[in-house]
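Inspection log for the structure reproduced underneath, given as structure tokens.
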Amino acid sequence: MLVESVQLSDGRSYPVHIGSGAIADLARLIPPRARRAAIVTQAGVGVSVDPGIEHEVFVVEDGEGAKRLSVIEDLAGRLVRFGMTRNDVVVAVGGGVVTDLGGFLAATYHRGVDVVHVSTTLLGQIDAAIGGKCGVNLPEGKNLVGAFWQPVAVICDTDTLQTLPPREFSSGMGELAKYHFLGGGRLDELPIAERVAACVRIKADVVASDEREGGRRAILNYGHTLAHALETAGHYDLRHGEAVAIGLVYAAEVAHRLGRIDRGAVDEHRRVLGAYDLRSEMPPGFEHDEIISLFARDKKAIDGVTFVLDGPRGIESVKVADTDLLRDALVAVQAAP
Ligand SMILES: NC(=O)c1ccc[n+]([C@@H]2O[C@H](COP(=O)([O-])OP(=O)(O)OC[C@H]3O[C@@H](n4cnc5c(N)ncnc54)[C@H](O)[C@@H]3O)[C@@H](O)[C@H]2O)c1
């Protein structure tokens, strides 16, 4: 069993228990004042937990569609009827959809109750369950309503990954490849628990230095500007991590065109994605003009289109105004029809 810790700016911290069988630690990670636990999960997750106190299981629909304000309203009403007080605890059991939803429910119910995340996807364990960002989608876009609400503990039981469909595992590998470029090195060569722990350490270090994404935390969005545009355009069924993988190579192509990195570094991005068994070309069917206009709707685009790019000072946020350059880089990642 590996135990990592996420340190927060005001001296608070929370543990992350990682490894085979980690789920058995749940009861001792429940805050002692809690009398009831509301377990939020999806039928497709198929992981049962024992919080060691009175509990009820609240099942939400499968898929990204569960991240809606009306689901929060429905769950909050059910929590009231269950008798949940502000001392009680939400336990979110599932992938990023469930931890984002359960985290936001906990952030808002009675103006904030404790939440423990039991993360059951690779993407969730290395990314979504760590760092306190939570929220729901609007018809206008993803994650547009949310909060920063840190869990009191996170469990990443690697046994739960055994039932994960192969495409969900591959989606997690896309985020894993991102950590490769954020200093992780050859993470695919590590045993699974150490692989998760290495990513948790990198994310925890970034979150500790910038909990509310005022600056450095933006580097966690490496590869995400194109990824979000591809997911929003949605002409092709791409999982989040698959879109991030293409976005990493695109970011390298943009950085190269800005003179920030040489051609060898771009080739290295393609080589790494291949080694992680990931596709790095944009599938046919995407309109380049639509993608370019979606860049301006990205949450990072506060005053102009912002990319997270590699360069002489490492990976950092950079404004890019040259749409011809962005279009030319799209051609470079486009798969042949
Ligand atoms: N808060 C953050 O910092 C953050 C970071 C990255 C992504 N996210 C969010 O995470 C979400 C994506 O998360 P995800 O990739 O984990 O997808 P997901 O939560 O939709 O899970 C993928 C699928 O796997 C199923 N599943 C989950 N665990 C399983 C298991 N152990 N065995 C079998 N099936 C299982 C789920 O029911 C679902 O159908 C997005 O909504 C994204 O916005 C949040």
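Here, each number is a calculation from the coordinates, and none is a lab measurement. Computed from a prediction, not measured in an experiment: that's the story for all the values here. As a convention, Cβ positions derive from the backbone with ideal geometry for all residues, glycine included, and neighbour counts pool all protein chains shown.
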Those trypsin sites (Lys or Arg not before Pro) from region 211-313 that are DSSP loop and have at most 13 other Cβ neighbours within 10 Å turn out to be ARG212, ARG297, ARG313
Ranked CYS156, CYS199, criterion: other C-beta atoms within 10 Å, fewest first: CYS199, CYS156
I need ILE72, ILE53, ILE246 ordered by Cβ neighbour count within 10 Å, fewest first. ILE53, ILE72, ILE246
Whole-Hz ³J(HN,Hα) for each residue in region 180-189, computed from phi via Karplus 6.51 cos²θ - 1.76 cosθ + 1.60 with θ = phi - 60°, x for glycine and proline: what do you get? 3, 7, 8, x, x, x, 6, 5, 5, 8
Pulled fully out, how much extra length does the chain show between ASP74 and ARG28, if you take 0.36 nm times their separation in residues and subtract their Cα-Cα distance? 13.7 nm
Among ASP289, ASP205, ASP237, ASP157, what is the fewest-to-most ranking by other Cβ atoms within 10 Å? ASP237, ASP289, ASP205, ASP157
Helix 224-233 versus the longest principal axis of the chain: what angle, 0 to 90°, nearest 10, using Cα atoms? 80
With the crude spin-label approximation of a point 7 Å out along Cα→Cβ, what separation in nm comes out for GLU61 versus ARG216? 4.1
In degrees, nearest ten, helix 263-275 long axis to first principal axis of the chain (Cα): 40
If only Cα atoms are counted, what is the Rg of the chain, and what is its Dmax, in Å? 19.7, 60
Just to be sure I understand: with springs between alpha-carbon atoms less than 10 Å apart, which residue in GLY223, GLY234, GLY132 has the highest mean-square fluctuation in the Gaussian network model of the chain? GLY234
In whole percent, what relative contact order does the chain give with Cα contacts below 8 Å and a gap of six or more residues? 15
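What does the C-alpha gyration tensor say about the overall shape of region 12-158? Classify as rounded when a/c is under 1.5, otherwise prolate if a/b is larger than b/c, or oblate.
Details: a/c = 1.43, a/b = 1.13, b/c = 1.26.
Rounded.
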Shape call for region 78-191 from the C-alpha gyration tensor, a ≥ b ≥ c root eigenvalues: rounded (a/c under 1.5), prolate (a/b greater than b/c) or oblate? prolate
By the Cα gyration tensor axes a ≥ b ≥ c (a/c under 1.5 gives rounded; else a/b larger than b/c gives prolate, otherwise oblate), the shape of region 110-248 is rounded
Positive-end residue, region 2-209 charge dipole about Cα centroid, Cβ charges, pick of VAL200, TRP149, LEU101: TRP149
Write down Rg/Rh for region 222-333, rounded to two decimals, with Rg from the C-alpha atoms and Rh from the Kirkwood relation over Cα pairs. 0.93
Would you work out the relative contact order for region 123-237, in percent, from Cα pairs under 8 angstrom that are 6 or more residues apart? 25
Taking all pairs of distinct Cα atoms, average 1/r, flip it, and tell me the Kirkwood hydrodynamic radius of region 197-246 in Å to one decimal place. 12.1
Placing unit charges on C-beta atoms (Lys and Arg positive, Asp and Glu negative, everything else neutral), compute the dipole magnitude of the chain about its Cα centre in debye, rounded to 20. 820
Region 222-264 and region 1-78 have their Cα centres apart by a whole-number Å value of 32
Percent RCO, i.e. relative contact order, over region 170-319, from Cα pairs under 8 Å lying at least 6 residues apart: 27
Counting only DSSP loop positions in region 138-181, the GluC sites (Glu not before Pro) whose Cβ has at most 15 other Cβ atoms within 10 Å are GLU140
With a cap of 16 neighbouring Cβ atoms within 10 Å, and only residues DSSP puts in a loop, list the GluC sites (Glu not before Pro) found in region 262-337. GLU281, GLU287
